[in-house]
Structure formats: structure tokens, C-alpha cells
Amino acid sequence: MTLAIEARDVVKTYGVGDAATQVLRGVDFRVKKGEFVFLAGPSGSGKTTLLSILGCVLTPTSGDVSLLGTRVSGRKESELPGLRVAYLGFIFQGHNLIASLTAAQNIALQLELRGHSPREAMKEAESLLDRVGLGDRTHHKPGELSGGQRQRVSVARALAGGPPIILADEPTASLDAQAGLLVTEMLREMAKERGHSVVVVTHDNRIYHLADRVVQIEDGTITGESS
Amino acid sequence: MTTGVFASDAGDARAAVSPPPAAAPLPSRASLAVRWRAMARTGLRMMLHDKLKMLGTLIGVVFAVILANQQLGTFMGLLQKNVLFLRNSGADVWIAPPGTTQFQSGKPISDVALMRARVMPDVEWAEPLLLGSVTVATPVGGAEPVTLIGVRLPIKGGGPWNMVAGTPEVLARPDTMIFEDADREKLGGLNLGSVREVAGHKVTVGGFTYGLIPFAPSFAFASYDLARELLKTPRDRMNFVMVKAKPGTDPVVLARALQENLGDEVKVMAKDDYAKTVYGYLLRATPLGITFGTSTLFGLIVGFVIVSLSMFSAVVDNLREFGTLKALGTTTADLAKLLFVQSVAYALVGSTIGLALVSNLANAIRSPRLALVLLPQTFGATFFVMTALCVIASSLALLRLHRLEPAMVFR
Ligand SMILES: Nc1ncnc2c1ncn2[C@@H]1O[C@H](COP(=O)(O)OP(=O)(O)OP(=O)(O)O)[C@@H](O)[C@H]1O
Ligand SMILES: [Mg+2]
């Protein structure tokens, strides 16, 4: 069975010469289809770096990364945007919504980039907002939403168009415990419903119980995992 | 706890009873049309969101439009003043001294040209014209120059036009002249019936024209005989011969025939060719073209810099948003579309505002002495040039977006 994510012996070195620092030192990391995995570890351990490589926004120094059996490492720079559109949805620590677009327009834009017609995209965006409990906030801009609501819009945007893999970097970091829990529960529920595979980077041990698996990373290597 | 080993199936057990089919890679990327549309709308919405920055960029465009058009318009006004008489004389063809490049008096030509022109087959009429500079003595003891036109009566061409007092026929009265209304003050409170000494002769004011000021002292009209006296031109000499072509005759063809017939003693030009000769002279032999060209260019450069910097700063202020767009799958080419649409919008809106303002300015300052000429072509050219300017100015912003790493969104 093909894995959603398969990373083998991934090394990432920032800088060159004396300034070079090896941030990932041969990481093996796999996620099964439909799995909901947490990536945890101390600050500076390389979580974001690994997530960036899995997300095709950063190229590894060496090692192999495949998404659903398709090798994505070692690709030309110009192929990466297409791979991101085809495979990936992102949720960021800051919501990273476009401030000038309404909640619905933010989601619709992602859908249009995934080949939906503008009309379809709008309809689908509204139904996703309904699903995350923001049916009455479709025309609000991010500035008019609470932190938790924004992050729910981000979840809807990441899932929009049904990318097989969702990557989230500390999605609850800027939220209070309750809002963080709500967003993560919502993400899990929807991912399970729709068959997305999810990797969530988090420090937040109050939500560990939601994970299928928690993978520990320390100083650029996977040091363990728990279920 | 295991190290680096793949997990158990605990996760699935916790999930729904029968796991749904895993989502598959998405088959299609958006078509070019959808991408254009998505980028256009996003670009415009971003533009409208930051009103202050939008205003700043628009001011750059408006500034360039006003400055460039004001300079260009003034230059056009000067050009037109130099051919003012040619355009209004009613003559189709001009017989001038050889080497003529402007509408000025040169070495007078012989009346032989006039005689021969009159008997040419396609000539409706041919009339002599005198042109020269004379001074008018003012009551307070000063002297003001005017450009004297001497025209034969009854007037067939080259007479006063745009009269606000009196009629051209007053020139038939002895020692009577027609002056420019805008000069009345300068000439010492001129009125109908005022008497002034012109080139030593007492003449009476018989009428006024309005707006007949070339790129020289304003025109004053006299009968041919009076003008000849004032200018002391020999009886068989004249400055120009004006020729009217018979209906259906091409002035250019007639001019060529006249030139052949009259030889090198004169230069024969159809009206439009004469005007072009004047324009060419002004552009080549005077610093006017360079002066106005430089200041027009200056306006464009300043506008370019403002647009370029404010679009750049709009991008820099929103790098996170652009990084996010890149992470979501837009390419640099997509973001170029976004900037292109913004540039075109800035150019269209800015040009419209700028042209409206400069048209008002032109109306406000229009006087017989100074005219800001805005041709319909100027309007079209403004939109075209400003669009090109804004699109090129956006390249600094695009360069920044090209270098933007999508990985920054996780920082
Ligand atoms: N672009 C970069 N250039 C140089 N070093 C970098 C760069 N990005 C990250 N690093 C370094 O790599 C190491 C890992 O960074 P990373 O952001 O992956 O850590 P993290 O586990 O996400 O930490 P945190 O929990 O604080 O977000 C850090 O020491 C960091 O300083
Ligand atoms: Mg991090």
C-alpha cells in the first residue's frame, strides 16, 4: 500500500562552509493514508524545516521524499507549485489569510487555483464555511473575525478542493486552550470524514489525545513516537 | 515507544469504523483563463484594501499625466501659434522666398511670381501679402511691436478673422488699421477711433480681432497700400503670394506645378507642407523640442519612480500574503498577472483623473497668449504611455516576488 508521505534519510543543511548547520540529520518519516499524525519536539529541533520539505516549499539537501508514491524531492523549482496544488493543503501558525479577501473569497481562491470555476469555487467555499460553523461569516474579512474563527477559515481553506495531504505548523499556538482544541478537533473530524492525511506540528500536549500517533523529533532526528 | 519505525494501526482504530477512501492527488490545475481571473480579482481587491497606498500610487500616475501633458500641451500650443496664420489665411498654396522655414518676412519676392500664378490654369485666385514688424507708439512714450499684415482689398485671403469689433472692410478707410483686442491695454488703452503713430504714420483704430497672437507680437492688419508705406516695401515686391486652388485641385499638385513654372526664385508650398516645414524647423533648429521634451520626460520619470516605489512597498508590506499565495500554488508568473492587472488599473484610473485635471487646467489658463493644447491623440497616447509606464514600473515589485521563498510562510 502506498504511503501518503514517505521521507527517507532527509538531511537539511542551512548555509555553507563554516556557517553551515545541519538542521535535519537523516530523518525517516512516514504517514499512512488517512492518518492524523502529530510532530512534536523542542524549539529549534527542525519541525518546521521538516514540514517545509514535506510541503514542497523547501528542498532537502539530500534524501528522498515521496507523496502518495510520487517522488517530490529532486524536482525542478518550477514543478513545485504544481505539486503543492495537486497534493497539499496548508495551515499556518498565523492564519495567513489574505486580509483584503473575505473568508469565502480566501477559500474560493484556493479552489480556483485547484481548477474550480469561480462559480463552483464560491459555492464550495460557502459550504465549507458552513461545515466549520462559520456559515454566517462568509463575507467577513479576516480582520473582522476572532483568532479561532480565522483558524477555522484556514482549516477550510486547507481542505478546499480535497488535497490528499494537510500540513499544519502549530495551528493552535496563537489560540487559547479551548479554541485550540476546537480547531484541532474540527480538523481531525473533517480529515477523517474526507480521507485526508494530516501532519500537525505542535507543542501543545493538551491536544495529544487527538492524534493517531505523536512523533518526537529532537535535534534533527526522530527520537521516538507514541500512539 | 519505538524509534524511527512506522506506527501501529492504533490511529485507524480510533477513526471511523470503516475508513473512507483516501483523498487522491488532484488531477487538474486551473486553466490560464481561471488563473488570470483569480489573479486579477485578488490583485484589485488587495489594491483597494490598502487605500492609502493606492492613493500614493495614483498620485504618481496623476502627477506624471499632468506634468507631461502640461509640458506637451504648452509645446503644442507654441507649435500651433507658429502656424496660426497659415491655418486661417484661406490660402491653399504659399509662394515664399527661397529658404523659407518659418512664417516670417524674408527677402521680398518679385511681383512676377504673382502675375504668373494668376494665369495658371488651376488657380482660383492669387493675392500678395505683406508681413513685417512695426512699432506702435504708446501715449506714455513707449513703443510696442506688432506683426503687421498688409492685405489687398477686397480681401480674398489673409485678412483679419475672429473680429470682436468692426469688420475687415474698415481697412478700406484711409489710414485705418485693425488691432488685437488682447493688446489694447499694452498699446495704451486702445479703443475704436483711437489714433496711434505706427512706424511714424498716424493711423486710426478701426476694429479688433481676438486671439490672433502668433509666437511673436500680435497681428495688426492694414490695407496693402498702407502696409507698403509703413514697411517701405518697393512697389514690385511682396513677402508672400497666397494662392487658392480651384475646387477639386490637389494643393500639393498645384504647388508642384507652380514651383516648376516659377523656378528657384521662390519656394512654393502647399499649406500643410508649409506648416510641417515650420514644425520641423522649430524642432530641429530651436531648443524648444529639447526643452519641452526634457521636461515632459522628467514628469514621466518622476511618475515612474513614484509608481515603482509604491508598488514595491505594497509588495514588501504584504510579503506574508504573497508568500502564502506562493505556498498555495501560485507561480511567479501568476503573481506577474496580479501585478499587471494592478498596473493597468492604476494607469487607467490615474490617466482618467490626470486628464480630467489637466483639461480643467487648460480651460482655466486658456488665453490669447497661452494655450495648452490637448489633442484627442494626446488622450489616447496618455493611456497607452501610462499603461506601459506602470507595467514596467511594477517590475521592481515583481523582482521581489520572484525572489520570495514560499518557505517564509512557516517562519
Ligand atoms: N532559513 C534558515 N537559515 C538558517 N538556519 C535556519 C533557517 N531556518 C531554520 N533554521 C535553523 O534550523 C533550526 C531548526 O529550525 P526549525 O524552524 O525547523 O525549528 P522548529 O522545530 O520548528 O522550532 P520551533 O518550535 O521554535 O518553531 C533552528 O536552529 C533554526 O535556527
Ligand atoms: Mg517551527
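The values are calculated or read from the model by the stated rules, or taken from the named source; none is laboratory data. Predicted model only: the values in this text are computed from it and were never measured. Note that each Cβ is placed from the backbone with ideal geometry, even for glycine, and that neighbours are counted across all protein chains shown.
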Check: In this structure, does A:VAL199 turn out to be more than 25 Å from A:VAL85 (Cβ to Cβ) and in contact with a strand residue (DSSP E or B) (Cβ under 7 Å, 6 or more places away or on another chain)?
Finding: no
Notebook entry, point to check: Considering region B:335-378 alone, what residues qualify as being of a type in the set (Ser, Thr, Tyr) and at pLDDT below 95?
Noted result: B:SER359, B:SER367, B:THR378
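Among the residues of region A:80-100, count how many are at the interface with another protein chain (Cβ under 7 Å from one of its Cβ atoms) and either β-branched (Val, Ile, Thr) or part of a loop (DSSP other than H, G, I, E, B) (or both).
Looking only at that region, the number is 6.
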Margin query: I need the strands (runs of 3 or more DSSP E) fully contained in region B:198-308, keeping only those with at least 1 residues that are out of contact with any Ser or Thr (no Cβ under 9 Å at 6 or more places or on another chain).
Written below: B:201-209, B:240-245, B:267-270
Checklist line | Out of B:ALA364, B:ALA371, sole residue that is more than 14 Å from chain A (Cβ to nearest Cβ), more than 30 Å from A:ALA86 (Cβ to Cβ) and either buried (at least 19 other Cβ atoms within 10 Å of the Cβ) or in contact with a Cys (Cβ under 6 Å, 6 or more places away or on another chain) (or both) | finding: B:ALA371
Check: What residue, among those in region B:107-134 that are assigned to a strand (DSSP E or B) and of a type in the set (A, V, I, L, M, F, W, C), is farthest from B:THR233 (Cα to Cα)?
Finding: B:VAL123
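Give the residues of region A:190-220 that are among the hydroxyl-bearing types (Ser, Thr, Tyr) and within 15 Å of ligand 1 (Cβ to nearest atom), sorted by residue number.
A:THR202
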Check: Only one residue in B:ARG37, B:ARG45 is at pLDDT 90 or above, surrounded by fewer than 18 Cβ atoms within 10 Å (Cβ to Cβ), facing another protein chain (nearest Cβ under 7 Å) and under 35 Å from the mean Cα position of the chain (by Cα), so which one is that?
Finding: B:ARG45
Notebook entry, point to check: Got at least one residue in region A:115-127 being more than 13 Å from every other protein chain (Cβ to nearest Cβ) and either assigned to a loop (DSSP other than H, G, I, E, B) or aliphatic (A, V, I, L, M) (or both)?
Noted result: no
Check: Do any helices (runs of 4 or more DSSP H) lying entirely in region B:310-411 carry at least 3 residues that are within 16 Å of ligand 1 (Cβ to nearest atom), and which ones are they?
Finding: B:319-327
Margin query: Filter region A:101-114 down to the residues that are under 20 Å from A:VAL85 (Cβ atoms), outside any helix (DSSP H, G or I) and either modelled with pLDDT of 95 or more or in contact with a Ser or Thr (Cβ under 7 Å, 6 or more places away or on another chain) (or both) and list them by number.
Written below: A:LEU101
Next item on the list: Could you run through region B:154-206 and say how many residues are in contact (Cβ under 8 Å) with a residue 12 or more places away in the chain, farther than 21 Å from B:ALA91 by Cβ and of a type in the set (Val, Ile, Thr)?
Entry: 7
Notebook entry, point to check: Within region A:24-37, how many residues are more than 10 Å from chain B (Cβ to nearest Cβ) and within 16 Å of ligand 2 (Cβ to nearest atom)?
Noted result: 1
Check: For A:LEU50, are the conditions met, namely being within 12 Å of ligand 1 (Cβ to nearest atom), over 30 Å from A:GLU193 (Cα atoms) and not in a loop (DSSP other than H, G, I, E, B)?
Finding: no
Next item on the list: Being under 26 Å from A:GLY82 (Cα atoms), more than 9 Å from chain B (Cβ to nearest Cβ) and either of a type in the set (A, V, I, L, M) or out of contact with any Phe, Trp or Tyr (no Cβ under 6 Å at 6 or more places or on another chain) (or both) narrows it down to one of A:VAL153, A:VAL132, A:VAL214, A:VAL183, so name that one.
Entry: A:VAL153
Note to self: Out of everything in region A:38-78 that is in contact with an Asp or Glu (Cβ under 6 Å, 6 or more places away or on another chain) and facing chain B (nearest Cβ under 9 Å), what residue ends up being farthest from ligand 2 (Cβ to nearest atom)?
What the structure shows: A:LEU51
Checklist line | A:VAL72 being surrounded by 23 or more Cβ atoms within 10 Å (Cβ to Cβ) and within 16 Å of ligand 1 (Cβ to nearest atom) | finding: no
Next item on the list: For region B:382-403, name all the residues that are surrounded by fewer than 20 Cβ atoms within 10 Å (Cβ to Cβ), within 14 Å of another protein chain (Cβ to nearest Cβ) and in contact (Cβ under 8 Å) with a residue 12 or more places away in the chain.
Entry: B:HIS402
Next item on the list: Hey, can you tell me all the residues within region B:175-197 that are exposed (fewer than 15 other Cβ atoms within 10 Å of the Cβ) and either in a loop (DSSP other than H, G, I, E, B) or not assigned by TED's automatic domain parsing to the domain that holds B:MET163 (or both)?
Entry: B:GLU185, B:GLY189, B:ASN191, B:LEU192, B:GLY193
Item checked: Options A:THR221, A:THR138: the member that is of a type in the set (S, T, N, Q) and over 30 Å from B:ALA40 (Cβ atoms) -> A:THR221
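Yes/no matrix, rows are residues, columns are (1) modelled with pLDDT under 95; (2) under 20 Å from B:LEU84 (Cα atoms); (3) more than 28 Å from the chain's Cα centre (by Cα); (4) not assigned by TED's automatic domain parsing to the domain that holds B:LEU401:
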{"site": "B:LEU226", "(1), (2), (3), (4)": "no, no, yes, yes"}
{"site": "B:ARG235", "(1), (2), (3), (4)": "yes, no, yes, yes"}
{"site": "B:PHE240", "(1), (2), (3), (4)": "no, yes, yes, yes"}
{"site": "B:LYS244", "(1), (2), (3), (4)": "no, yes, yes, yes"}
{"site": "B:GLY248", "(1), (2), (3), (4)": "yes, no, yes, yes"}
{"site": "B:LEU283", "(1), (2), (3), (4)": "yes, yes, no, yes"}
{"site": "B:GLY293", "(1), (2), (3), (4)": "yes, no, no, no"}
{"site": "B:ASP317", "(1), (2), (3), (4)": "yes, no, yes, no"}
Margin query: Exactly one of these conditions fails for A:THR21: (1) within 11 Å of chain B (Cβ to nearest Cβ); (2) within 16 Å of ligand 2 (Cβ to nearest atom); (3) over 18 Å from the mean Cα position of the chain (by Cα); (4) not hydrophobic (A, V, I, L, M, F, W, C). Give me its number.
Written below: (1)
